[in-house]
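Heads up, the thing below is written out as structure tokens.
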Amino acid sequence: MHRHLLTMPPSDTRSGEMPLPTRTARKFQSSVSEGETVWWESRCGSDLAVPPRNINYTVGDLYIHRNTTGASIQIWICREPNAWQRIVLEYDDKFAPERVISGLSHPSFKDRRLKLRKNGEPSWITKQTCVTNKSRRKGAQ
């Protein structure tokens, strides 16, 4: 697993400032396509209205915010330069029990779907991987 971490000091959320996020990048596991899953992550005791604008994000990046008080999660995707779009967390039943977000594909790699791993980390996986994983689970039963 290939990771790059950029850690920034936490902000004082009591003063109304947004928490400063950390950035993580993990290369796609497939040898078929180049690319990586990149996400920014923050935590604090409340939800965010929008991700901070003072980070260097690019198309395809994700922003994940975890509300430590309510244990909720918010996710945004950058679909076009300098614009975050909120993701509705609805999972595709076709790939259950995998947590693949329904109707969401990567802006640059159209064959990739967003999956939330058991540890909560995002992963852009191919649609074929979703189908293969489901078949393997059926065969193991």
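No lab work stands behind these numbers, since they all come straight from the coordinates. Just so it is clear, the model here is predicted, and its values are computed rather than measured. Quick reminder, even Gly has a Cβ in these numbers, built from the backbone with ideal geometry, and neighbours come from all protein chains shown.
With neighbour counts taken as other beta-carbon atoms within 10 Å, the residues Ser123, Ser42 rank, fewest first, as Ser123, Ser42. Applying the criteria of a DSSP loop state and at most 15 other Cβ atoms within 10 Å to the GluC sites (Glu not before Pro) of region 32-126 yields Glu34, Glu90. With the simple model of a label 7 Å out from the Cα in the direction of the Cβ, Asn119 to Ala83 spans 3.4 nm.
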